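Visitor: Below is a structure I'd like to ask you about.
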Amino acid sequence: KVNREKIARFGLNVKDVLETLRAIGGRPVGVILEGQKRFTFQVRLQDSYRDDPHKIQNLPILAPGGEMLPLGEVADLVIEEGPAQISRENIQRRLTVESNVRGRDLAGFVGDAKEAIAKDVKIPPGYTLEWGGQFENLKAASQRLMIVVPLALFLIFVILYSSFGSAKIATLIYLNVPMAVTGGIVALFARGLPFSISAGVGFIALFGIAVLNGVVLMSYILKKRNEGLNATDAAIEGAKIRMRPVLMTALVAALGFIPMALSTSSGAEVQRPLATVVIGGLVTSTLLTLLVLPTIYSWFEKKEAEVEI
């Protein structure tokens, strides 16, 4: 700590004192060239001087008048513990506290940590607390999913409506989406996996497969209706004939995701939720597609027939 009164008495300034202190850590005095390589040439005190506070106090400082003053004459030497590194962000000092989260979801851990800090920790004035790292990425990805998932569902309905030209048929096929979502949620709960970004991506993939199965079934039912069969017979015939392709589509996708669902290697925390959602959703959507969808279709057709009569 520089004693400003004393350095003023000897005609020194703070820079003169700090220039002497630079020799402790190393002071560059030139550059050494070896071909294309450049090395900074530094001068620094020996270890015996750097590790001895008394010797540091005796470091000489040249005053403007020509006299040599010991460092301890114009400054006080105090040994304190300080930070090993000072980081800055947005022109402010930043202190990082890191932790690894295992065995539970990241959002739930941060929520519990926030409650514990609010209850037991008093943040000093001038300090602010921010949660970053993977949690910051999770928040950003969650915000994107809030846009992407509704947009994907809307586009699926638009494509169905444009393909069949009927809002009723598009809505019937669209019922496969909540059927699939139910299975995905149950599968996550059964395995004790949290809802994550990878699980959200798995739901988006599941929507497409579930709707595809509905299109395969409904297209055949409508074909039989055009051939003259009534609604009930067409629905039963469609469920029987299209059972094989619907099962093949679901089984191929589900079997392909089994290695990911059972993965324990690096990246398993991303693979398992995605695969679990797809497999669980395909189980429920396939069964309900073959059983519920034909039943609802025949019931709708009968209601319309009764209204017309």
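The values are calculated or read from the model by the stated rules, or taken from the named source; none is laboratory data. Source: prediction; values computed, not measured. We place every Cβ from the backbone using ideal geometry, glycine too, and count neighbours over all the protein chains shown. Just the protein is used for accessible areas: all its heavy atoms, side chains included, with ligands, DNA and RNA removed. Shrake-Rupley method; radii C 1.70, N 1.55, O 1.52, S 1.80 Å.
Visitor: With angles folded into 0 to 90 degrees, how steeply does helix 14-25 sit against the dominant principal axis of the chain? Use alpha carbons for both and round to 10.
Guide: That helix lies at roughly 70 degrees to the long axis.
Visitor: Quick one: helix 176-191 against the long Cα principal axis of the chain, what's the angle to the nearest 10°, folded into 0 to 90?
Guide: It works out to around 50 degrees.
Visitor: For ILE32 and VAL97 in one chain, what is 0.36 nm times their gap in residues minus the Cα-Cα distance, to one decimal in nm?
Guide: Net length gain for the segment: 19.4 nm.
Visitor: How far is the Cα center of the range 141-215 from the Cα center of the range 7-40, in Å?
Guide: 66 Å
Visitor: Using Cα pairs under 8 angstrom and six or more residues apart, how large is the relative contact order of the range 14-138, in percent?
Guide: Value for the range 14-138: 12 percent.
Visitor: May I pose another question? Can you count the Lys pairs in the range 1-112 with C-alpha separation below 22 Å, eight or more apart or on different chains?
Guide: The result is 5.
Visitor: When only Cα pairs under 8 Å and 6 or more residues apart are kept, what is the percent relative contact order across the range 230-289?
Guide: It comes to 33 percent, rounded to a whole number.
Visitor: Tell me which GluC sites (Glu not before Pro) from the range 87-127 have a DSSP coil assignment and no more than 11 other beta carbons within 10 Å of their own.
Guide: Passing sites in the range 87-127 are GLU98.
Visitor: Computing the accessible area with a 1.4 Å probe over protein heavy atoms, can you report the carbon and sulfur percentage for the range 59-124?
Guide: On the way: 2810 of 5630 Å².
Reported share for carbon and sulfur atoms: 50 percent.
Visitor: Extending each Cα 7 Å along its Cβ direction at VAL14 and SER166, get the distance between those two points in nm, one decimal.
Guide: It works out to 8.4 nm between the two label points.
Visitor: Tally up the carbon and sulfur contribution to the accessible surface of the range 168-309 as a whole percent, 1.4 Å probe, everything protein left in place.
Guide: Using a 1.4 Å probe with all protein chains present, the range 168-309 comes out at 69 percent carbon and sulfur.
Visitor: Please find the FRET efficiency linking ALA140 to ALA116, where r is the Cβ-Cβ separation and R0 is fixed at 22 Å, and quote it to the nearest 0.05.
Guide: That gives a FRET efficiency of 0.35.
Visitor: Where only protein heavy atoms count, and the probe is 1.4 Å, what is the accessible area per residue for the chain in Å²?
Guide: Result: 67 Å² of accessible area for each residue.
Visitor: Separate question: Tell me, which longest segment in the chain has none of the trypsin sites (Lys or Arg not before Pro) that fall in DSSP loops with at most 10 further Cβ atoms within 10 Å? Walk me through the numbers before you get to the answer.
Guide: Working: sites that count: LYS1, ARG102, LYS122.
That gives 123-309 as the longest site-free run.
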